[in-house]
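The values are calculated or read from the model by the stated rules, or taken from the named source; none is laboratory data. Small disclaimer: the values here were computed from a predicted structure and weren't measured. So basically every Cβ, Gly included, is an ideal-geometry build from the backbone, and we count neighbours across all protein chains shown.
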Amino acid sequence: MTSSSTQSRKVLSKIAQNRLQKELAEWQLNPPPGLKHKITDNLQRWVIDVSGAPGTLYANETYQLQVDFPEHYPMEAPQVIFVPPAPLHPHIYSNGHICLDILYDSWSPAMTVNSICISILSMLSSSTSKQRPPDNDRYVKNCRNGRSPKETRWWFHDDKA
Amino acid sequence: MDSDYEIVDAYDGDSAEDYFSGGDTDMDEGDSIGGFEEDEDDGDNAGYEYGYASDEGSEKTYTVLRESDIRQRQEESISHVSSVLSISRVAASVLLCHYKWNVSQLHDEWFADEERVRRSVGLLSKSVILFPNDSEMTCGICFDSYPRDQIHSAACGHPYCTTCWKGYITTAINDGPGCLLLRCPDPACCAAVGQDMILKLASDEDREKYSRYFVRSYIVDKKKTKWCPAPDCENAVEFELGSNVYDVTCLCSHPFCWNCTEEAHRPVDCSTVAKWILKNSAESENMNWILANSKPCPKCKRPIEKNQGCMHMSCTPPCKFEFCWLCLGAWSDHGERTGGFYACNRYEAGKQEGLYDEAEKRREMAKNSLERYTHYYERWASNQTSRQKSIADLHQMQTVHLEKLSDKLKEPESQLKFIIEAWQQIIECRRVLKWTYAYGYYLPEHETAKKQLFEYSQGEAEAALERLHQCAEKELLVFLDDGVFDINVTPDFGTFRPKLAQLTRVTCSYFENLVRALENGLSEVDSQAASSTSVKNGGAKGKGGKGKGSSRTGRAVARNIDDSDRWNCDRCTYANPDSSSLCQMCHHQR
Ligand SMILES: [Zn+2]
Ligand SMILES: [Zn+2]
Ligand SMILES: [Zn+2]
Ligand SMILES: [Zn+2]
Ligand SMILES: [Zn+2]
Ligand SMILES: [Zn+2]
Ligand SMILES: [Zn+2]
């Protein structure tokens, strides 16, 4: 996979456009709680406000998720990162990369932006400590020249993430 | 799992290790440097066959499996499982992929707890979604509606349209062999996607890839089967466990060691090879200069490029100095046997001792270990290069020259087989000779008698090979030249033919002796030192004889003693019948 986060992104395929329009329509019809899609005319990049659920470590905090879709979405997973400052969480790096299997190896085309966001929200809600992953500094340093998290070989922490 | 092979320990305990660590174990106690124990009762008929002769009936200890053989075995396993478990063939192949073709483990687990096995591989007994009676359904990926006949599902019933299935399947196939264990796209569903569905919906190209993965899945985890390591080769080799001769030759003609999957390295054992390869990679920076294909002519200092296989070099006119590529010494000291000992293989440590003052001597000693390695490495590498060149030459011969030559001489190609045989012999001998240099490197300096015997046998073999190689490479050229051919050449060819054929035979014999001597751990030395009468009944046993494999009756030894009606040629060591006064191999006078 050579898709890089910013430059030279291929335009969405017909199938991807069709599917994203459907997802967007569904989102607007039934907005998921705690999530707010910022309306732009860019179908290929969604920016979503994520509000920490009440009663969790992230209550009253809001973060931004940036979702970039590849040409062959949904066969290929979208790239999902937090726009820094990213929430302090043991599976979220300070550059916004998220260690969550469904974003990489376990992606399935039957998943949607909605289902991703809900997974991320529940990952935040179940957190018991606000801290960075132990290898944060090393990892972030390695990503400095704009590497996409999709090019990382993730080793998923085996606790409930 | 990333280790695709394991080293089967061919030696008794750690004796080989002790030996190589250069410790105090001496040769008699160490099991053998040659690793392969000669099975005493396989007698003289189980002679070592050189590479290309291996299909001549001698019992093979391995079977090469072509793709079609593997497919057939897969078919058999599928049929078997499908009938024993009363399930479809598609379900059977899902199970077999999960169980890595281990039929008995699959049976055991299935009969112990069928439900658990079904759940873990995704073979549902009934669908989780019941198709509604609507005439249209919504695809779970693109969310479009389709008529029922354009919607497909795995056993679970989750509905996806043809286009989305195709996209899903092609993505999985292009992600790698994981596609063999494909599941329903629904993230919460574990239903397996059967091969029938995949093959129906995949493109031709993807179907091809998928079926390659399917074949490749057959062996990966099997103890007795390995893939041929040659690039682009799709064959596998199934090995008869218990045999301790590991050299196998794939149908693609790549010879390799089944045990360590390095290139075939008989008569040297796997651990020596592994150590040598490790050593080479550690030294590779120092060694780069050696691989350079150019050296200055030792006489006129102009750079000479080696582009032929044999080590006999001639500088360009007007110099025309003939020298040995390896040691840069004059060829006249080497090729003909005037100087007695063919010295190019012998590393002379601390030569010119006494000529140095103390400081210089110490510097020399530090340099010595690298120099010693360099000596062996250079010869190892040169033989490797030479072998590659010879393989190319043989190919050229078979595809181009032979036919032309047969036209010119008006002889059928079958009459020219001796040329091919000569090249095959050269290729095999270069391989053996190459590995004897790794062997020599690890042979301790203080084992003087063994070292001498080793260098003698190696030198003899090497000299014979150089004669053969030179004849096949250079003397043959005359006959291949398109321009200068007329009927007058035929008589020359008449003398060339027996010469080359005989050099081939002689070289073969020298190398057989060399291989035998090394595989016996050079035990000839022990027994010649021991009293000759004790040899027959186990006198050649090592002092430390610890159980199986440690006793060894070297064939060469037995022949010296037992065959009283034979005499050994002192040029090539061949055992000739008493009746002949000329050596049958090299025509040396008794
Ligand atoms: Zn669809
Ligand atoms: Zn399903
Ligand atoms: Zn092969
Ligand atoms: Zn080996
Ligand atoms: Zn010269
Ligand atoms: Zn030489
Ligand atoms: Zn002889």
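Worth pointing out:
- Applying the condition of being free of Cβ contacts under 8 Å to residues at least 40 places away in the same chain and within 14 Å of ligand 2 (Cβ to nearest atom) to the stretch B:167-186 and asking which residue is farthest from the other protein chains (Cβ to nearest Cβ) yields B:182.
- You will find that of A:56, A:62, A:112, the residue that is of a type in the set (Val, Ile, Thr) and within 14 Å of chain B (Cβ to nearest Cβ) is A:112 and no other.
- Scanning the stretch A:81-109 for residues that are farther than 18 Å from residue A:125 by Cβ, within 14 Å of chain B (Cβ to nearest Cβ) and not hydrophobic (A, V, I, L, M, F, W, C) gives A:104, A:105, A:106, A:108, A:109.
- From the options B:156, B:164, B:189, B:142, residue that is in contact (Cβ under 8 Å) with a residue 12 or more places away in the chain, assigned to a helix (DSSP H, G or I) and more than 16 Å from ligand 7 (Cβ to nearest atom): B:164
- Index of the failed condition, residue A:24 passing every other in (1) on the phi > 0 side of the Ramachandran plot; (2) assigned to a helix (DSSP H, G or I); (3) not charged (D, E, K, R): (1)
Every residue, every condition in (1) part of a helix (DSSP H, G or I); (2) modelled with pLDDT under 90; (3) within 18 Å of the chain's Cα centre (by Cα), yes or no:
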| position | (1), (2), (3) |
| --- | --- |
| B:373 | yes, yes, no |
| B:382 | yes, no, yes |
| B:386 | yes, no, yes |
| B:391 | yes, no, yes |
| B:405 | yes, yes, no |
| B:417 | yes, no, no |
| B:425 | yes, no, yes |
| B:430 | yes, no, yes |
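- Residues satisfying the stated conditions in the stretch B:209-262, i.e. among the aromatic types (Phe, Trp, Tyr), more than 14 Å from ligand 3 (Cβ to nearest atom) and part of a loop (DSSP other than H, G, I, E, B): B:218, B:246
- Residue within the stretch B:140-159 that is of a type in the set (Phe, Trp, Tyr), under 18 Å from residue A:77 (Cα atoms), at the interface with chain A (Cβ under 8 Å from one of its Cβ atoms) and crowded, with 21+ Cβ neighbours inside 10 Å present: no
- Set B:349, B:359, B:330: member being surrounded by fewer than 18 Cβ atoms within 10 Å (Cβ to Cβ), modelled with pLDDT of 55 or more and either hydrophobic (A, V, I, L, M, F, W, C) or under 17 Å from residue B:468 (Cβ atoms) (or both): B:330
- Considering residues of the stretch B:138-158 that are more than 19 Å from residue A:108 (Cβ to Cβ) and either modelled with pLDDT of 90 or more or of a type in the set (Val, Ile, Thr) (or both) only, the residue farthest from ligand 3 (Cβ to nearest atom): B:145
- Looking across the stretch B:58-116, the residues that are outside any helix (DSSP H, G or I) and more than 26 Å from the chain's Cα centre (by Cα) come down to B:85, B:86, B:87, B:88, B:99, B:100, B:101, B:102, B:113.
- So residue B:214, is it modelled with pLDDT of 90 or more and either basic (Lys, Arg) or farther than 25 Å from residue B:60 by Cα (or both): yes
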